[in-house]
1. Name the long-range amide H neighbours of M141: under 5 Å, sequence gap of 5 or more, or other chain; modelled H, no Pro or chain starts.
2. Can you tell me how segment 50-109 classifies by the Cα gyration tensor, rounded, prolate or oblate, using a/c under 1.5 as the rounded cut?
3. Would you mind classifying segment 27-73 by shape? Square roots of the alpha carbon gyration tensor eigenvalues, ordered a ≥ b ≥ c; an a/c under 1.5 is rounded, otherwise it is prolate if a/b is larger than b/c and oblate if not.
4. Convex hull volume of the Cα atoms in segment 1-90, per residue, in Å³?
Amino acid sequence: MFKHNEAQAKAEYVKKLHEQMKAQIEKKNESYARQANKGRKKVVFQPGDWVWVHMRKERFPKQRKSKLQPRGDGPFQVLEKINDNAYKIDLPDEYNVSATFNVSDLTLFDADEDAIDLGTNPLQEGGSDEDIKLEGLGGPMTRARTRRAKEAIQQVLAALLQKEPNIEEIKFKIVNCLID
């Protein structure tokens with residue numbers, strides 16, 4: 001009988017020790033996760049959002065032959081949300097890669113951050129429409145090319161507003177320019 005009580009006490013002690021160790025492991029795991037996720041922010045895209053795609057050398061060997069070529073391309077539209085970590089992108093066939101991307105390879109294309117403000121770059125008086133240059137906008141739409149395109153559009157809008165203050169006519173001309 002004496003041995004049975006000792007065995008039972010030892011079993012209780014081991015169970016208690018296991019519970020303490022389990023609680024300590026969970027506490028440490030939470031601490032590690034909190035430390036690892038300290039600077040991260042959760043990014044969730046919705047179908048229809050526009051994103052930049054990071055072009056990794058392993059995935060885009062033809063587009064990243066040189067370190068001087070752009071590291072990203074876009075904007076592309078999100079077609080489908082597979083889960084919070086994977087998205088299907090409307091990627092042109094010329095890339096010959098899967099259209100499914102991890103969220104770490106995507107960056108939100110925010111057109112509002114570079115919104116056109118007609119007062120920031122007005123045309124000088126006496127200028128002509130021939131001064132407006134829309135050249136050099138071909139090729140993949142990188143952030144720099146997008147910025148140059150927006151500046152060119154801004155110049156066109158400023159010139160149109162100086163000549164024709166009627167906003168409906170300006171909208172009509174812009175739509176016609178985009179269709180051509």
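Just so you know, all these numbers are worked out from the coordinates, no wet-lab data involved. Predicted model only: the values in this text are computed from it and were never measured.
1. When sequence neighbours closer than 5 places are left aside, the close amide H contacts are G74.
2. prolate
3. Taking the square roots of the gyration eigenvalues as a ≥ b ≥ c, segment 27-73 is oblate.
4. Looking at segment 1-90, the number lands at 184 Å³ per residue.
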